[in-house]
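Single-structure report; data block below.
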Amino acid sequence: MPDIILEIAQRFHAAKYSIHIVGGTVRDSLLGRTVTPDTDLTTDATPDIIKDIIAPTHPRAVSSVGERFGTVQIHYDDPTASESDPDKTIILEITTFRSEQYLSDSRKPDVVFGNNLEEDLLRRDFTINAMAMDPLTGSIIDPFGGKIDLEAKIIRAVGNAPKERFAEDPLRMLRAVRFAAQLGFTIESSTAKAIQSEAHTLQKISWERIRDEMCKILLSPRPAIGLRLAAELGLAQYFMPEMIYLQGVHQRPGHSKDVFEHTMRVVQNSPATLTSRWAALLHDIAKPRTYSNENGQVHFFGHEDIGAIMAKDILRRLHFDKPFIEKISKIVKMHMRVNAYIPDWTDGAVRRMMLDAGEALPELLTLSRADITSYRQDKILRASALSAELDERCRKLREESERVPIKSPLDGNELMQIFSRQPGPWIKEIKEHLLSLVIDGALAPDDKEEAQRIADELLHNLPQSKSTPNVN
Ligand code: ATP
Ligand code: MG
């Protein structure tokens, strides 16, 4: 525990106020999970008093966000910050008990204080998140059996009326799924039933809050568990029905794995980055829409193009930023091209693919690898070998292009000078032709002499209307 928390706890005690660590930090420390730099604390002191007490501790910043709810956010420089991460910050959020029965002048008796802490914990979402810890003694306050549920790996709503708890804040339903994915826990049955019956109320929640939980599910160690739960409990249909439609769509007649199961495996196979996992989730999203069956042959013609459009729709709906949307859409659009790789591809074909992929190339290659979900060992080996070969060729060509960048050996100015011509559309035409020869490996990017010879030949063949007449 950071020293600053101990110092703050001592100051609160000296001023005769209580202070406890609450929420995720308590849960994670009992689990032995890496504790995040953010720590939530709760106290009977009001925000003004909180600020007075922490004033002498030299915080880097104090903000009053959420003060309406009694929250003060405090930033400290992290003494464990390293040269590589000098801006490491400890963030503390201290919240005044959330209790209607809070009486400022009856702090003394333990009972009243105990009630207040308990009421604060009662308002939290799940028993494993509703424990408090005294920072000075390390003792745990656990009125709802959070420790037992932690040991049993169970996510259970606080109190006896889970439906009401979800009605208070429907996002809690998706949080339950998120914790299941992050921690590998099971959602207790009456809590799960309540989610099923209240799932429709998720429609009241902002797209941003849903997006953030979805991202946490995708980044977790068990994204497929989270996505399956979101589908089974009836939540997904309210924010991403397209994912549900993948169920029951089979890649081959009588083939056991449907597109949903295939997608779950690809997501699980992908590295835990937002780009890779979202691309995996959306790569086959248009298969239900493009399904066709001709005499027992199943096709998904153009699913990558329609999928690229659908991916944009879905990510826009969830209010992602434009560069992210464009990148995922490009990966979806190009994934079949990469999957179609065979060793016969010329360097030119590989270079073209690399140029089209741009900065999405690494994730595109990763997706192609994750997309191998066959149960047949021989197929897996063959596909993995191809994927590794393409990876290696891209690596070599990238190194090469770092030494000599892929571009036309002559730029517009040089062309105008050499041929004494005015600027005009002819420049683009010639440059594109020269560039395409460079991409194909037929012309070195620094071979100006050969480029001039080719350009000269081309200029003679250009129709008069397209070329601009000589200056003189
Ligand atoms: P993490 O920070 O790892 O995402 P966390 O449990 O700390 O997990 P936060 O969103 O930081 O989650 O919230 C801190 C605590 O506040 C939770 O542990 C929980 O006790 C409470 N809490 C958060 N959101 C809600 C909510 N929607 N309803 C009820 N209690 C909540
Ligand atoms: Mg937290």
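The values are calculated or read from the model by the stated rules, or taken from the named source; none is laboratory data. Please read all numbers here as calculations on a predicted model, not as lab measurements. Glycine also receives a Cβ, built like all others from the backbone with ideal geometry; neighbour counts cover every protein chain displayed.
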- Task: Could you please let me know if residue 395 is of a type outside the set (Asp, Glu), closer than 28 Å to residue 430 by Cα and in a helix (DSSP H, G or I)?
- Result: no
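Each row is one residue, and each column tells you yes or no for (1) assigned to a helix (DSSP H, G or I); (2) under 36 Å from the mean Cα position of the chain (by Cα); (3) modelled with pLDDT under 90.
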position: 355; (1), (2), (3): yes, yes, no
position: 375; (1), (2), (3): no, yes, yes
position: 410; (1), (2), (3): no, no, no
position: 415; (1), (2), (3): yes, no, no
position: 444; (1), (2), (3): no, no, no
- Query: Would you pick out the residues in the range 146-190 that are on the phi < 0 side of the Ramachandran plot, of a type in the set (Gly, Ala, Ser) and either touching a residue at least 12 places away in the same chain (Cβ under 8 Å) or not in a helix (DSSP H, G or I) (or both)?
  - Reply: 146, 157, 161, 167, 176, 180, 181, 190
- Task: Scan the range 340-378 residue by residue and report those that are within 17 Å of residue 308 (Cβ to Cβ) and surrounded by fewer than 18 Cβ atoms within 10 Å (Cβ to Cβ).
- Result: 340, 356, 358, 359
- Query: Taking the range 176-213, which residues are of a type in the set (D, E, K, R) and surrounded by 14 or more Cβ atoms within 10 Å (Cβ to Cβ)?
  - Reply: 178, 188, 193, 198, 209, 211, 212, 213
- Message: Out of the residues in the range 29-46 meeting the condition of being away from ligand 2 (no atom under 16 Å from the Cβ) and surrounded by 20 or more Cβ atoms within 10 Å (Cβ to Cβ), tell me which one is modelled with the highest pLDDT.
- Response: 43
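Okay, residues lined up against (1) surrounded by fewer than 17 Cβ atoms within 10 Å (Cβ to Cβ); (2) within 16 Å of ligand 2 (Cβ to nearest atom):
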| position | (1), (2) |
| --- | --- |
| 3 | yes, no |
| 11 | no, no |
| 21 | no, yes |
| 27 | no, yes |
| 48 | yes, no |
| 57 | yes, no |
| 84 | yes, no |
| 94 | no, yes |
- Query: closer than 27 Å to residue 183 by Cα and of a type in the set (A, V, I, L, M, F, W, C), is that true of residue 53?
  - Reply: no
- Task: Please name all residue pairs, on different chains or six or more residues apart, with Cβ atoms under 6 Å, provided the first residue is in the range 361-384 and is without any contact (Cβ under 8 Å) to a residue 40 or more places away in the chain and the second residue is in a loop (DSSP other than H, G, I, E, B).
- Result: 380/372; 380/374; 383/372
- Message: Can you name every one of the strands (runs of 3 or more DSSP E) wholly within the range 1-95 that holds 1 or more residues which are assigned by TED's automatic domain parsing to the domain that holds residue 121 and in contact with a Leu (Cβ under 7 Å, 6 or more places away or on another chain)?
- Response: 19-22, 38-43, 71-77
- Which one of these is in contact with a strand residue (DSSP E or B) (Cβ under 8 Å, 6 or more places away or on another chain), without any contact (Cβ under 8 Å) to a residue 24 or more places away in the chain, within 16 Å of ligand 1 (Cβ to nearest atom) and over 14 Å from residue 4 (Cβ atoms): 22, 65? 65
- Query: Any idea how many residues of the range 209-236 are more than 16 Å from ligand 2 (Cβ to nearest atom), among the basic types (Lys, Arg) and free of Cβ contacts under 8 Å to residues at least 60 places away in the same chain?
  - Reply: 2
- Message: Among the numbered criteria (1) assigned to a helix (DSSP H, G or I); (2) at pLDDT 95 or above, which one does residue 118 miss?
- Response: (2)
